[in-house]
Each structure stands twice: as structure tokens, then as C-alpha cells.
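A quick write-up on the structure given underneath.
Read the figures in this text as sums done on the coordinates, not as results from a lab. Predicted, not measured: the structure shown is a model, and the values here were computed from it. Don't worry about glycine lacking a Cβ; one is built from the backbone with ideal geometry, like all the others, and counts go over all protein chains shown.
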Amino acid sequence: MSETVRPRAEASVDVAAIRHNVALLSSAAARSGAATMVVVKAEGYGHGSVQVARAALSSGATWIGACTMDEALVLRDGGITARILCWLNMPGDDFGKAVGADIDVSAASLRELAAVHRAAEQTGRTARVHLKIDTGLSRNGCTEADWPELVDAAAKAATDGSLEVVAVWSHLANADVPDHPSLDAQAARLDAAYQRAVDAGLHPIRHLANSAATMTRPDLHYDLVRPGIAVYGLDPIDAPPSPFGLRPAMTFRTRAALVKRVAVGEGVSYGHEWTTPRETTIALLPVGYADGVPRRLGSRPSGVGGMRVLLAGKIRPVVGRVCMDQIMVDCGDDEVPDGAEAILFGPGEQGEPTAHDWAETLGTIHYEIVTGLRTGRVTRTVWDSDTGAGG
């Protein structure tokens, strides 16, 4: 029997870790009496939206959140029957597709609300709407000045049964700093917006908490929490290992395509920013910035400060510039076989770098790392560490 050939570059996702994280988050929400919406936008933060949704719904979540209508429709097409909310819409979007697929939508303006109402009338179905108030992020959401008019229009549209106002909601700006004064200020604005909706005869729920607030601010759970990054095991507040008990779900791996001895004094990769200080073994890994390995992770001219990988069971430095499709690893005098596995980042359980480590080196956040892997170039595989299935 021939050996299974693994992909050139692979993002391996452990759904057992997803289930574990969702169980933690939904338990925290349940203690406050809140339900849990798991956010799977951007292809489940690079982990696979349908697979993550299925795992989440088996572990305590009852809602799924998507960013765009197209993302929500992919979930429906993938067999997800739970409540789904999508919230980022463009002028001219056909809300009839969402209404027809029983997807909740968000409205932050009279224009959006009118478009949703028209879609409900055209489809003959009740549209479920979450009215979004801007409480201090100055991003999506209705301004306080325009809020009364939006609420009154929604209340009027709801009288004929074509529109149901499900929720009043908003998004926190500084939840990763749990004691930041803006959190309480935003909650107060949400409460005022909610009261205006109640005064207009509506009976919505409220939701505000993202991952960080779900983990650290039970007073902001309201009726529904919306964890995103924490679902994937990446802590929005602390460096790994997460004190909340989160387990990173993604491992980014490849295999050595070529291993060879290189003489002393030879330049490595474009620009010769790194030169071999001794005769050494160089392993070629067939991944680069076209796959989602940032070019800035290449080694500095001194050879210090670049990325490291776990190759053939040992942490080793990447040397020279990151190329479009390749990186080079200094293996010293170790014998490393062609085809040896290399882990670029993972949970950290074997001492390998983590997505957080990459983010720290680059001065960014781990959200950008896991969503930055290039689907199509990098093969996503799903497995279950509880059962050993897949992957």
C-alpha cells in the first residue's frame, strides 16, 4: 500500500480544540443566562466556516455569526440550520437572499432597513433584523442622533408582521483591556438605545460581548455573547498558554523539499543578507509569502531575530529572506532527511512557535496570522484529536 502523500503546505485544524473552546465560552455565558453565537467570518478565521460551525453547535453554541451575506449563505448551503446573523452589507445588496434563507440581518441606517423591508414584502416572509447602534467604535452602527428615527421606522415596519426586530446590538472598542472605562460607557449607550426601542413598543434582546468580554466581563453578556478569536484557541488578552484554558486549533506545517550542505561564506536567499558562518546544512521548506509567511519574518543580516520552525523535532532558525514560495532553515551539522516535517506554528505543545509568537515578532495580532494563510496554496485539513479521525 502506498504511503499517503501530504500536501505541500497544510493548515491542520483540530475540531476537538474548537469544541473544547466553545464549551468553555458557552459555559461562561450560560452562567450569566446568555446564549452563545460563534463567529465564523473570514472562513472561520481561516479554520473553515462550516466545519467550525458544526463543531460549535455540538458544544453549546446556538447561533452562528457571519460577516457578509455570502458567508451566511455558504453556511446554509453547508447544512447549517441554526440561527445565523450577518451584518456587513453593501448598498444594492439583495436582502431577499438572506430573508429567503432564514438568515437574520443587521440594519444600521434607514436605507438598510428599507431594503430589508422591501425584501420581506417581495419574498412574503418575515425579515429578522438586529438594529445596530454605534456606541463608541465609530465604525458600523447607527449614530445616537439618528437612532430614534431608525427605531421608529423599524417599529412601524414591524406592525404588519413583515419585519421582526430581534435585537439591539453593538461592538466594543477596547474589550481586550477589561477595565478600560470605554466598556462601561459603551454599555450605558447600548442600554439607552435598548430603552428607546422598548419605549417604541419593540421587545428585542441585547448583545455586545466579543471574545474578551465573554471571558472577562460577565456583566456585559446581556442575552447573547459573540466570541470569535477565542473559539479558535487564541486568547485576545493573554499570551499562551491561555489562563482561560483555550486550546489553539490550527497547526501550519510543511515538509523539507531539499536538504543540502552549503560551504562556509556562501550567501543564502535573495540579497545575501545572511551568509553561512561555517559549513552547514540548509533545508529548503516550500512555503513563502504567497502562502502567508510574511516576508518580514526572514532573518536579519546578523542572522538574529527571524522566525524559527520545528523541523525534524528541533527548533531551528530560518535564514535569509523569505521568498514567494520558499524559506531556508539552518540545520547546522544535524542530519535532516528530505521530507522531514516542519511545523511553522501550532499550539506550542512541542515547543514549536505559535501564531502569537509570529504576531509578536511582526508587531501585529494573531488574528492576522491565522486569517493570512492563502486558501488554495495552503491545504486546509480537519481532524479530531479526540477520535483520531481525519487529518
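Just a few scattered comments:
- The range 340-391: trypsin sites (Lys or Arg not before Pro) in DSSP coil with no more than 15 other Cβ atoms inside 10 Å: 374, 377
- Of the DSSP H helices in the chain, those whose Cα atoms cover at least 18 Å axially and whose Kyte score averages 0.5 or more: 15-31
- Using only side-chain charges placed at the Cβ, +1 for Lys and Arg and -1 for Asp and Glu, the dipole size of the chain relative to its Cα centre rounds to 440 debye.
- Förster-model FRET efficiency, 25 Å R0, residue 338 and residue 383, C-beta, rounded to 0.05: 0.50
- All lysines inside 23 Å of residue 314 as judged from Cα atoms, apart from same-chain residues fewer than 8 positions distant: 260
- Cleavage-rule hits (trypsin sites (Lys or Arg not before Pro)) in the range 118-173: DSSP loop, at most 14 neighbouring Cβ within 10 angstrom: 139
- Charge dipole of the range 15-232 (Cα centre as origin; +1 on each Lys and Arg Cβ, -1 on each Asp and Glu Cβ, all else neutral): 560 debye, rounded to the nearest 20.
- For volume of the Cα convex hull per residue in Å³, the value calculated from this model appears in (1) 126; (2) 139; (3) 151 under label (3).
- Alpha-carbon centroids, the range 204-259 and the range 359-383: separation in whole Å: 15
- Span from the the range 323-348 Cα centroid across to the the range 25-63 one, whole angstrom: 34
- Only lysines eight or more places from residue 156 in sequence, or on another chain, were considered; those with a Cα closer than 25 Å are 97, 132.
- GluC sites (Glu not before Pro) within the range 122-186: DSSP coil, no more than 16 neighbouring Cβ in 10 Å: 144
- Over the chain: helical MRE at 222 nm, DSSP H runs n ≥ 4 each giving -39500 (n - 2.57), nearest 500: -8500 deg cm²/dmol
- Against the rule of thumb 2.2 N^0.38 Å, how large the Cα Rg of the range 250-390 comes out: 1.03
- Amide hydrogen neighbours beyond the local backbone of residue 381, cut-off 5 Å, H modeled: 11, 12, 13
- Take the Cα of residue 182, step 7 Å toward its Cβ, do the same at residue 70, and the gap between the two points is 3.0 nm.
- Peptides 10-21, 331-342 ranked from most to least packed, by the mean per-residue count of other Cβ atoms within 10 Å: 10-21, 331-342.
- Net length gained if the chain between residue 155 and residue 118 were fully extended (0.36 nm per residue, minus Cα distance): 11.8 nm
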